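Novice: Following this message is one structure expressed as structure tokens.
Taken together, the values in this text are just the output of simple stated rules run on the coordinates, not laboratory data. Note that the structure is a prediction, hence the values are computed from the model and not measured. When we count neighbours, we look across all protein chains shown, and the Cβ atoms used for this are built from the backbone with ideal geometry, even at glycine.
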Amino acid sequence: MKTSILKTTFVVMLGAMAGAASAQEKPLVTGVDGTFAPHAMAKIGGGVEGFNVDLMHEIGRQLGRKVEIMAAEFSGLIPAMNAKTIDFVGAPTTVTPERAQNLLFSEGYLNTYYQFLVPAGKPDLKTLAELKGKTISANKGSAYDKWLIDNATKYGFQVEAYPTNSDAVQAVLSGRADATLGGNTVSAYAALKNPGKLRITTLTVDDGLVWATVFRKDDPKLRNAVDEAIECLKKEGTIARLSEKWFGVKPAPGSAAVTPFPGHGVPGLAGYDATPSAAKCK
């Protein structure tokens, strides 16, 4: 009888230990915009590939956890995170003071500025005044969409928002929009993939912003862990390597791709934690 009780207890303990191990190994689920090439885009055979897809898997390597990637429209990613459908947003998200009031961000991993695309046969855009009377497209819910909405009246242009960045670019190719506004890396990639059809303009909008990963306000633990993983990826040169792989550009010294920042988050914005990082790199 005693032996039977001991065996039963041992089995229960093994079950509890296995359950604990399983909980520790539970994959992190992140979301990307699967139309935002070359950061995330459909690949032959299914799934997505791109800079941010590789970056998310490298973050998982540093954390010692598998990362599962869900592709959806950008405008649905933050609601999905807030509903706890995904753990965090891995799509490149511009960190702004407004967003920092409601969300937590990791430190920036790439610098970003706003880049216009126009049809290759149309005149270049050099000043904001030249936007007057034009229709400008953007990815709905993105920072580019917000910039256009905020400045439409001031500069006299019309805004058309589309569910995906690819749709916004297609609006220019089809003549439904005179230009589209997106991130510098994405716009350069779109021009590269549409030679003779699209070109980037001289006109850019650079507010000194960065791209970062996004977390719920109530999840500083995960934010800090991912932030430290990003620091490690900068130190070992992984982010610089991915930049060259997907953008064909070597990051400049001092840029966000190669510079670890103190603390956790984006210095100077809400949600920043100045506590020194305790990153343990693999």
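Novice: Pick out which of Thr164, Thr185, Thr127 has the largest mean-square fluctuation in a Gaussian network model of the chain, springs linking Cα atoms closer than 10 Å.
Specialist: The residue that fluctuates most here is Thr127.
Novice: Against the longest alpha carbon principal axis of the chain, how many degrees, from 0 to 90 and to the nearest 10, is the axis of helix 2-24 turned?
Specialist: Around 10 degrees separate the two axes.
Novice: OK, next. Run through the DSSP bridge list for the chain and note the antiparallel percent, rounded to the nearest 5.
Specialist: 60
Novice: Something else: State the percent of C-alpha pairs, over all pairs in the range 140-282, separated by a distance greater than 19 angstrom.
Specialist: That fraction is 63 percent.
Novice: Something else: Translational D (Stokes-Einstein, µm²/s) of the range 112-208 at 4 °C and 1.567 mPa s when Rh comes from the Kirkwood sum over C-alpha pairs?
Specialist: So the translational diffusion coefficient is about 101 µm²/s.
Novice: Next up: Over the chain, one equal point on each Cα, no solvent: what is log10 I(q)/I(0) by the Debye formula at q = 0.10, 0.16 Å⁻¹?
Specialist: Here the Debye-derived log intensity ratios amount to -0.55, -1.25.
Novice: To continue, here is another question. Could you list Val258, Val249 so that the one with the fewest beta carbons within 10 Å of its beta carbon is first and the one with the most is last?
Specialist: Val249, Val258
Novice: Compute the distance from the alpha-carbon center of the range 61-136 to that of the range 201-260, in whole Å.
Specialist: If you average the Cα positions of each part, the centres end up 13 Å apart.
Novice: Among Trp246, Trp211, what is the fewest-to-most ranking by other Cβ atoms within 10 Å?
Specialist: Trp246, Trp211
Novice: Helix 51-63 against the longest principal axis of the chain: what's the angle in degrees, Cα atoms only, rounded to the nearest 10?
Specialist: Roughly 20 degrees between the two axes.
Novice: A further question follows. Residue by residue through the range 272-282, what is 3J(HN,Hα) from phi via Karplus (6.51 cos²θ - 1.76 cosθ + 1.60, θ = phi - 60°)? Round to whole Hz and write x for glycine and proline.
Specialist: 6, 10, 7, 4, x, 5, 10, 4, 10, 7, 9
Novice: What number, rounded to the nearest 500 deg cm²/dmol, is the helix-based mean residue ellipticity at 222 nm of the chain, given -39500 (n - 2.57) per DSSP H run of at least four residues and division by all its residues?
Specialist: -11500 deg cm²/dmol
Novice: Here's something else I'd like to know. Over the chain, what is the relative contact order in whole percent, taking alpha-carbon pairs under 8 Å and six or more residues apart?
Specialist: Over the chain, the number comes to 23 percent.
Novice: Whole-Hz ³J(HN,Hα) for each residue in the range 67-72, computed from phi via Karplus 6.51 cos²θ - 1.76 cosθ + 1.60 with θ = phi - 60°, x for glycine and proline: what do you get?
Specialist: 10, 9, 10, 10, 9, 7
Novice: Determine which lysines satisfy two conditions relative to Lys26: a Cα distance under 17 Å, and not lying fewer than 8 residues away in the same chain.
Specialist: Lys66, Lys84, Lys221
Novice: Now a separate question. Counting only residues 5 or more places away or on other chains, whose amide H sits under 5 Å from the amide H of Val29 once H atoms are built in the peptide plane?
Specialist: Amide H to amide H, under 5 Å and 5 or more residues apart or across chains, Val29 pairs with Glu68, Asp87, Phe88.
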